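No value in this document is a laboratory result; all are computed from the given coordinates. Note that the structure is a prediction, hence the values are computed from the model and not measured. Cβ sites come from the backbone with ideal geometry, for glycine too, and all protein chains shown count toward neighbours.
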Amino acid sequence: MRFAVKFLGCKVSHADAMLARRRLLEAGHEEAPEAEAELHVINTCCITAEAEAKSRQSVRRSLKSAREVYVAGCAVNLNARQFADIDPGVRPFIGTADDVAAAMPEHLGACADIEHEPLVGRRGPRRARVRARTHARDGAAIVHTPAAPERSAAARTRGFVKVQDGCDCHCAYCIIPTVRGGARSRPAAAVLAEVERRVADGQPEVVMTGISVGDYRDPEHGLELGELMMAAAAVPGVQRVRLSSVEVIHVRDTLLRALHEEPKVCPHLHVPMQSGDDGVLEAMGRHYSAAEYLQAINELRAAVPQVNVTTDIIVGFPNEDEAAFERTLALVSEAGISRVHSFSYSSRPGTVAESLGDRVAPQEKKRRSQQLRGLSEVRSRQHRVAKLGSRERVLVDKVAEAQCAGYTADYTRCYLPGGAARAGQLVDVGVHELHADGLRVTPI
């Protein structure tokens, strides 16, 4: 079967989609461009109502060219019927990423019968079953099949390595613990073995990712996240170890030590703020105050002065008034945030916040989002201006005739002249000019 894989949402969704891709390749199926593929595999997202809608739209687009569409991921685990009802050619798969990736080739006639490594919860080993509120009558395949052993992926510059899944935080607005289950960690030995494979595949940078990655605890030897990152940095051939996103309550101890002591650990952290107002944070069920967030970021900067901090913010939470929003803007500036990803609040069925209603008008959410994006652009420009005249090291990930592009260790986008480097190459550069979304640089 000729297939194409797509995903919506976060880096974990990307990692899950790539796992399904590997299993299909192992089973002898052939990857093809979307327009030529008989089967489309889509990993969905449900973080917002808009993300669910986009997932359904992606399925409908795929049906224009594909004979069958397999769907999995968070939106399917939340409500499989919304996909099964689209068309008889759509098959939803409920379950963990490992189970779903094993079931897809089995459904196509290729049996995978080797046990996969377990994700391990805080109370000991267990199979990571998703507590989805969907059933077989919804038209989904209930999946409990073990996965086949992993085979190396095609070479890419940056490899996403999922080290953890699930979350125990249960924020009032978030549906993810329902569709992904509780926090559980992957054994460090398996993570490091995958890092070795990524290097062999030509990926000099690895990105540690998970749903609540700061909850990571090696079930075999007790390694924490920072210790795991330092161990990954020691793998021969690794040039960079990056972290996808981490909660502020986990910016401490071994993570700070890794950022301070290990040059290969990238000085960039994406630390969700969500709000700068204590009343909103409390209603959200977050586990810190605005002052505690600021204190943690200040301690981070004291340990790693060159660190670049980016964040997520939700605008229009039911109890967010104009004063609360202004406090959020102030905290963004005070904490030295260089870039903000803003999201308009979207009520999710089954969450605590659902009972609060949706009190902020859509046009007001839009206005606040625009204002926040404007501040983000100002903060991003300030971050880049400070680099003018400096020397940086860029990992090139895109090569074209006109120009090459890549990222610095602190995740600043840089643009080099065409032909200046090859993909996967680390290049020392001088920063000489601002670009619309990054920096223009020349090799030294």
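Key figures for this structure:
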item: Cα gyration tensor, segment 166-221 - rounded (a/c under 1.5), prolate or oblate; result: prolate
item: Taking the convex hull of Cα positions in segment 265-320, its mean projected area over all directions (nm²); result: 3.9
item: Under 23 Å from the Cα of Lys264 - lysines, other chains or at least 8 residues apart; result: Lys11, Lys162, Lys387, Lys398
item: Loop-located trypsin sites (Lys or Arg not before Pro) in segment 386-436 whose Cβ has at most 16 other Cβ within 10 Å (DSSP); result: Arg422
item: Long-range amide H partners of Gln274 with built H, under 5 Å; result: Asp312, Ile313, Ile314
item: Using θ = phi - 60° and Karplus 6.51 cos²θ - 1.76 cosθ + 1.60, couplings along segment 290-295 (whole Hz; Gly, Pro as x); result: 4, 5, 5, 4, 4, 4
item: Contour minus Cα-Cα distance for Thr254 and His170 (0.36 nm per residue); result: 27.8 nm
item: Dipole moment magnitude, nearest 20 debye, segment 196-320 about Cα centre, only Lys, Arg, Asp, Glu C-beta charged; result: 440
item: Candidates Arg158, Arg252, Arg61, ranked by Gaussian network fluctuation over the chain, Cα under 10 Å, top entry; result: Arg61
item: Relative frequency of Cα-Cα separations exceeding 21 Å in segment 289-444, percent; result: 56
item: Which of Leu426, Val396, Val352, positive extreme of dipole for segment 351-432 (C-beta unit charges); result: Val352
item: Amide proton proximity set for Ala409, modelled H, under 5 Å, gap of 5+; result: Arg393
item: Electrostatic dipole magnitude of segment 362-444 [Cβ: Lys, Arg +1; Asp, Glu -1; Cα centre; debye, to 20]; result: 460
item: Square roots of 5 times each gyration tensor eigenvalue, C-alpha, segment 211-283, largest first, Å; result: 26, 14, 9
item: Three semi-axes of the equivalent ellipsoid, segment 304-355, Cα gyration tensor, whole Å, largest first; result: 26, 14, 8
item: Positive-pole candidate from Asn308, Ala231, Pro88, dipole of the chain, charges at beta carbon; result: Pro88
item: Beta bridges by DSSP in the chain, antiparallel share as percent, to the nearest 5; result: 40
item: Choice from Ala386, Ala49, Ala35 with maximal GNM fluctuation in the chain (Cα, 10 Å cutoff); result: Ala386
item: All Cα pairs of segment 193-329, percent lying beyond 26 Å; result: 31
